[in-house]
1. Considering the dipole of the range B:577-626 built from charges on the beta carbon (Lys and Arg +1, Asp and Glu -1) around the Cα centre, which of B:Tyr625, B:Gly587, B:Phe611 is farthest to its positive end?
2. Along the Cα→Cβ direction, 7 angstrom out, place labels at B:Ile713 and B:Ala215. What is the inter-label distance in nm?
3. With equal scatterers on the alpha carbons only and no solvent term, can you work out the Debye log10 of I(q)/I(0) for the range B:275-349 at 0.14, 0.24 1/Å?
4. Nearest 5 is fine: what % of DSSP beta bridges in the range B:102-203 come out antiparallel, could you say?
5. Using Cα-only point scatterers and the Debye equation, what is log10 of I(q)/I(0) for the range B:102-199 at each q in 0.11 Å⁻¹, rounded to two decimals?
6. Taking 30 Å as R0, compute the FRET efficiency from the Cβ-Cβ separation of B:Asp235 and B:Asn432 and round it to 0.05.
7. Just subtract the alpha-carbon distance of B:Lys608 and B:Asn274 from 0.36 nm times their residue separation and send over the number in nm, one decimal.
8. Under the Karplus relation 6.51 cos²θ - 1.76 cosθ + 1.60, θ = phi - 60°, what is the ordered set of whole-Hz ³J(HN,Hα) values for the range B:314-329, x standing for Gly and Pro?
Amino acid sequence: MKNFVFILSVSFLFYSCGKELDLNGNETFEPLAIMNCVMSVGEPIIVQFVQSKSPGDTGNFKIIEDAFIEINNSNIKYLDFILKKPKDDFNIGYYLCNDDLLESPKGETFTIKASNAKGSCSIVANTTVPGKPSIKNISLVDSKLFEYPGRKGTYNFNGIIEIEFETIEPNSFFQLEGNVVNDTYYNLFNVKKDSVYFSKCFLNFLKFEGETFFDAFEVKENTIRNNKLLVELSSIINYSKAIPDSINFEIRSITKNYFEYLQDLNKMEKSSQDPFGFPFIVRTNIENGYGIFAITNPYKINLKI
Amino acid sequence: MISSFLFGQQNIKGKIIDEYSKQPLIGANIVFGNSNTLSDSIGEFDVVALQSDTFTISYIGYGTKVVINSLPYNLIEMRSNSEKIDEVTIIASRINKYEIGRQNVLVSEINNSVFLLGENDPLKMLQTLPGIKYGIEGTSGIIVRGGGPDQNLYLMDNVPVYGVNHMFGLISTFNTSTIKELSIYKGIFPARYSGRLSSVLDFRMDEGSKSDYKANIGIGILSAKLNFNGPIIKDKWTINTSVRRSMLDYTIARSPKYYFIDGSLKSTFAINRNHKLSINLYNTKDSWVKKGRIVGDSTSTTSSSSQLNWKTKVASLSWENNIGKLNNLITIFNTGYNFNTSSFDTLNLIKTKSSASVSNNYTTEIQDKGIKLFSTYKFNKYNVSFGSSYISHFIFPGESSVQIREDRQTIIDSLSNQNSYSNRELNVFLENEFRLDNFKLNLGINFFKPLISNFKTKNYLEPRFSLEYKFFTNTYLQLGYSRMNQNLHQLSNNSLGLPSDIWIASSSRILPANSENFAISFSKDHGSYEWIVESFFKTFDNLMEYGSGTSFLLNGVDWEDKIQTNGKGGSKGVEFYLRKKAGKLSGWVSYTVSKTHRQFDNINKGEKFPFKFDRGHEINIVGIYNKSKKLSFSFNWSFSSGNKYSRPIGYYPSINYTGLTNSGIGISTDLFELPSIGDNRQTDNNVLPIFDKINNASFPYYHRLDVSMRYKIKKKSLTHQFEVGAYNIYNRHNTLYVSYSADVDLLSPSTQDIIGTKSNSKLRSIAQFPIIPSLSYNLSF
């Protein structure tokens, strides 16, 4: 027994508390060029051009100022981007292209080139304009709006958006989004109290690959047939200010690389929840940097409830 | 035969049995003259020897016995070392001569070692041997020569076992009180084994004593267990049964309530000397239940509950018979594993007496039915084994259901069902071992054929080979090669072998994985100690990964679409093993230096990357010190390089898909003075890490010391044993995982120039196992 007491006593001399370890070492950090630009046909062109930052740096991303940015294809050239600085520190800087709207037919390939003033960092990327969704008809069916039991002034909304396409071309990629007008919905992502954004859905028509957001939005896979898609809205939403009267709905054709990028964001979000899993690496189509360069082609409609 | 008589030789047969239980000892080493052999599957041997030869017999966990060759048939009884533990000094123990790639483990050594929370665990014992690693600290999963946790075949009396984890992997389901012996094959496999790429763990279950009743009751911090064994009909019919249950739901927390239970029963009936029937039943269950507390106010109440359950079931019936020199073992079995998780949330509105509820349920399962035939035939210097097996796998990858109800009316009732399917596999093998002077050669072939509905599969041939050359007495050079195929895989996000991982079988799109194993070893047994040096080289092909960011809740998407296939890999290394077998202090030192990698087309840009558990150096020192008849001490010191992890080289902003439209949520366009028609998608960013390579960094060195003390009191037929121990006694902070959150604070008011400056950021190292004491009591009679 004496031996055991001795061993225990000696062992406690080695006692050490749990601690935070510096696993970064003293490596010098080299920032990389980051470019984010998702253009939409008929909308202004905005480019974010910043530097990456080191792990654990809690400061803002540093804007690459005085950058030269050029977007062009064989017929059109967009130049003269103006750096728009954020109003406060919440936002991150971007370049706006002199109020020009993107106008281009399907199939045109655009190239973006961006470099800093010294020319020491430059990036290049390409993307192609997808065709506008060939919609035959969009309608809201089986919609129900009723006051929530026991909660005066709040309503539930259920309904199905039926989208009928003229044709669906192979390798088409779409993104759905929308909002119920006049809704005040309290979710963590909503800072604008006039509408609810109910979409995080992107899909490839050959095989449904998208994922829906919350339980408010459901794409019934079995109904993506005969050029028809049913989008079921089954949210339990509180409307505290005004009775919603319509839904703003958009379906966008998107490029394949943007589709993959959105999927990757989803996967990365999930993988970050498992500390033992592989980290998910979001794909990029930016040469010499990271980010995304893509084009979407929207079809917008307001549907009365 | 004539020449045999001319030189005074004759056929000598014998059977080696346990002195106490009368059970046959399989694989005992029999040395005579300049030759040696092993006892067969019923403990018998048949050799040609000189009349003057003496036989020296040794067996793992038993003393050495010398027998004068006097009879044509010798019944040799061996005494277990565990019976001699009171004699203070363990004499002994040579064990079976080392065979390349195979390691035997003494049950008595498992019982005398130190474990987390004092729970004896055969798999954790194996983690101290060369070439065998733990995956994540504290867990029972084993990594054998660079293989994944699903590349290990667990056999319980020849029947595969799928779920081997209790407590989310912290301890294994194997209860040492029912195990008779354990062998692990970690590279060079005899042809009789097939089905996994990296190892075979062959558990032989104890039949129970043929002569006396015996019971053991144990209680520790974690669990209580009971074992009973003895004859139903003396020398003819035995039973051995055990049950173990965790006590955490009584001792620590009632909510959430967690418990595990496992039970086994083996009964053997000897019809006569040549026919024996055995039945083996084995069940385990883990249950975690969090019951919802009702919370709320005068207007409404809510509650939320959830649960996880996983179960393993094994049932087998075997018939062993001897027809002349031919020994046959026929086993039919049913084995399976089931995992289920569910949750239930409710909302009750008191005034209106209305209610709403949401329930989720997810289930995955694998069920096997099969038959195995194993035969051995001995003649002259040849020892031939042959047999076959046919197994039907029923695979249920997963079913996920969601139901939403309001006022008892179902609003949503969705069922996402992965199609269940069957996969069958046929194995036929032939193996021959023969000796020539100082050489022993084992040649074998295993024919494997997966049978998949509506799909023509190819035939797989698995050659096996091992050669032994004896330089001097007890000094051997051995080399071997084996090719293995794996028809079953575990879909895992993180290679941990968690209970939620899904078992799937090869299909028309997922082909069997395969490995090729080469090894060479040099070993010498000096009697009281032995040493082994072994080098291995191994390649993997057709590996699969579940991929990161993929949920096991399969969401209506085929699992085949979610996995990365056609992966390759490799592992190479050298293992050193020094073992002291006799004296008051016994134990071993093992050291492994190795390197392991993986390669997938869609991971790490298609380039090779280190395997997560590629710890280059691994040292284990295990000691058992018997100070007196009553008092003994054990310790285990482990040291290794750290596990690999992926360290980001920076962060960058992403586009947030929640901020796509100017009318949608996200950041208001007005806030940033954009034109009202502007697209605000560029303004609402998440932060993404930049990884240039997968597994590009290592955790700090890992080391810890575990100690325990046992004190035994024997009074008449009762033996009391008290055990006190501690895991990680010097409380080393060993990194379990690294936290590198992407939640960079965008609201920080400062804007810093970060070009060219040193990064002083800290990734957080998370450790989960500080010093953990243990206490247990055992009563046997």
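1. B:Tyr625
2. In this crude spin-label approximation the distance works out to 2.0 nm.
3. The Debye formula, applied to the Cα set alone, gives -0.66, -1.01.
4. So the antiparallel bridges amount to about 75 percent of the total.
5. Listed by q, the Debye log ratios stand at -0.29.
6. E(calc), rounded to 0.05, equals 0.30.
7. So the chain would gain 114.7 nm between B:Lys608 and B:Asn274.
8. Per-residue couplings from phi come out as 9, 9, 8, 10, 10, 10, 10, 8, 10, 10, x, 8, 8, 10, 10, 10 Hz.
Where a number appears in this text, it was derived from the coordinates with a stated rule and is not lab data. Every value quoted in this text rests on a predicted model; they were computed, and no experiment measured them. In this analysis, Cβ positions are derived from the backbone assuming ideal geometry, glycine residues included, and neighbour counts consider all displayed protein chains.
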